[in-house]
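Single-structure report; data block below.
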Amino acid sequence: MLKHDFDELVNRKKTECKKWDTYADDVIPMWIADTDFKCPQPVINAMVKRAEHGIYGYPVNCKTFEQSIINWQKKRFGWNVDIDWVEYTPAVVPAIVYAMRAFTNPGDNIVIQMPAYHPFHDIIPNNGRHILGNNLILKEDGSYEVDYENLEELLSKKRTTMFLLCSPHNPVGKCFTREELTRISELCLKHNVFVVSDEIHSDIIYRGSKHIPFGSLSQEAADNCVVCVNPSKTFNIAGVRTGAVIIPNRHNHDLFYAPLENNKAYGRTVFGTLPIEVSYNECDYYADQLVEYLQDNLEYLENFVSTRIPKIKVSKTQATYLIWLNCKELNMGPKELHRFFLEEAKVAMNEGSTFGPGGAGFMRLNIACPRSRLVEALERMEAAINKR
Ligand SMILES: Cc1ncc(COP(=O)(O)O)c(C=O)c1O
């Protein structure tokens with residue numbers, strides 16, 4: 001079996017890299033959600049071979065892309081997906097926008113769970129829809145629960161037509177159980193609210209949790225959803241700007257496809273679909289080893305923080321490599337927290353209030369990096385806090 005070296009320190013500076021080319025050279029960037037790991041060797045080999053062919057003309061749809069998505073859903077989550085349910089999309093966030101245009105009207109309400117992945121805060125109002133926030137409830141042990149009573153209240157409003165679920169949840173790292181998802185699905189069905197399930201983080205699941213694709217819950221759930229997927233988080237290929245949706249219901253599929261067709265946004269790119277196909281078909285070994293490595297990073301972080309920086313509390317993390325740090329005991333406002341970690345510790349993280357209600361006082365730390373870099377970042381944070 002192939003073995004990937006996740007300890008390798010790869011220089012990403014000056015590669016038009018948002019993560020590394022945004023901050024000064026002395027800052028460790030642990031913010032935006034991509035990893036510092038090279039993508040799998042079979043992907044690199046396939047990309048080089050394709051590049052060497054030397055002709056990059058219009059691609060034809062041979063359905064190998066769709067098949068790779070079917071293969072992954074079956075292997076990893078036991079979901080039987082039909083080839084007609086899968087559509088190419090230009091990445092996940094654009095797919096959510098197309099779904100919003102297909103299944104809702106300007107002026108409608110869209111429910112999201114707060115705190116929420118920051119682009120959700122932009123794309124909904126930018127498309128003339130209103131955000132209704134269903135605040136996740138923070139428990140004493142750092143885990144989060146759904147406020148069903150409030151959720152039902154929001155879903156039952158006259159102009160609520162969509163629930164945008166982030167499963168697993170960024171930024172709080174929650175992996176929803178089957179029971180939770182079923183209850184959400186039933187409430188949405190009861191109030192005639194369509195579900196878009198963003199499952200981009202579904203491969204990074206820690207011990208004790210299990211990802212359930214929303215469309216696999218029941219026939220009724222399948223008929224009432226669009227599931228968005230992308231291997232970009234897992235295999236570090238976000239820059240190829242390609243993703244997919246799975247829409248089990250034919251009528252919904254056609255509704256979704258119409259704006260894509262009207263905007264001629266269905267054109268694939270030769271370097272977009274290829275890494276997805278190779279990742280999904282040949283790189284299970286990499287996903288397995290990545291999750292193991294991240295699990296160790298998470299445990300290292302939890303130990304370090306609880307013993308050496310006890311003023312910070314690590315939220316209960318069931319999924320994703322984005323760790324939600326409760327920094328309220330540091331008694332700093334959001335702007336000051338961001339400034340403090342960036343300028344005093346020289347570690348760039350995402351500041352919690354940018355994720356909306358429930359986010360102030362938190363920082364989001366990306367631990368998808370070689371262990372040595374994580375250790376250095378934590379030591380810098382510890383030293384800066386001790387110096388205060
Ligand atoms: C929940 C979630 N959805 C979507 C995205 C971005 O997806 P894409 O790059 O495919 O548009 C991210 C990236 O961080 C994310 O965390």
Counting other C-beta atoms within 10 Å, and keeping those with at most 11, which DSSP coil chymotrypsin sites (Phe, Trp or Tyr not before Pro) do you find in the stretch 43-124? Y56
Restricting to DSSP loop positions (anything but H, G, I, E, B) with no more than 14 other Cβ atoms inside 10 Å of their own Cβ, which trypsin sites (Lys or Arg not before Pro) remain in the stretch 173-220? R207, K210
Please report the antiparallel percentage of the DSSP beta bridges confined to the chain, to the nearest 5. 50 percent
Work through the residues other than N326 whose Cβ is under 14 Å from its Cβ and net out their charges, Lys, Arg +1 and Asp, Glu -1. +1
Could you give P(r) for the chain, binned at 20 Å from zero, as whole percent values over all Cα-Cα pairs? 28, 59, 13, 0
In a Gaussian network model over the chain where Cα atoms closer than 10 Å are linked, find which of L330, L290, L164 has the largest mean-square fluctuation. L330
Keeping every protein chain present and rolling a 1.4 Å probe, give me the accessible area per residue for the stretch 1-97 in Å². 56 Å²
Modelling each spin label as a point 7 Å along the Cα-to-Cβ direction, I'd like the K74/K158 distance in nm, to one decimal. 4.8 nm
Enumerate the calculated ³J(HN,Hα) couplings along the stretch 116-130 in order (Karplus 6.51 cos²θ - 1.76 cosθ + 1.60, θ = phi - 60°), each rounded to whole Hz, writing x wherever the residue is Gly or Pro. 10, 2, 4, x, 4, 5, 8, 5, 6, x, 4, 9, x, 10, 9
Pairwise FRET efficiency - K311 versus K18, Cβ, R0 = 22 Å, nearest 0.05: 0.15
In the stretch 62-210, what percent of the accessible surface is made up of carbon and sulfur (1.4 Å probe, ligands and nucleic acids excluded)? 46 percent
Antiparallel DSSP beta bridges within the stretch 55-282, as percent of all bridges there, nearest 5: 30 percent
Computed over the stretch 180-290, Cα set: Rg, Dmax in Å: 15.6, 44
Within a Gaussian network of the chain (alpha carbon springs, distance under 10 Å), most fluctuating of A95, A368, A287: A287
Compute the label zone of S143 within the stretch 191-217: residues whose backbone N is under 15 Å from the point 7 Å along Cα-to-Cβ. 206-211
Within the set P40, P357, P231, GNM on the chain using Cα springs under 10 Å gives the largest fluctuation to P357
Per principal axis, descending, Cα span of the stretch 55-282 in whole Å: 55, 41, 31
About its Cα centre, what dipole magnitude does the stretch 55-282 give when the only charges are +1 on Lys and Arg Cβ and -1 on Asp and Glu Cβ, stated in debye to the nearest 20? 400 debye
Would you mind checking which residues have amide H under 5 Å from T160's amide H? H placed 1.01 Å from N; only 5 or more apart, or other chain. N109
Can you list the trypsin sites (Lys or Arg not before Pro) in the stretch 277-336 that are in a DSSP coil and have 13 or fewer other beta carbons within 10 angstrom? K311
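The values are calculated or read from the model by the stated rules, or taken from the named source; none is laboratory data. Here the structure is a predicted model, which is why all the values come from computation and not from measurement. Methodologically, a virtual Cβ is constructed for each residue, glycine included, from the backbone with ideal geometry; neighbour enumeration extends over all protein chains shown. For the accessible areas, the whole protein counts, side chains as well, though only heavy atoms, and no ligand, DNA or RNA atoms are used. Shrake-Rupley method; radii C 1.70, N 1.55, O 1.52, S 1.80 Å.
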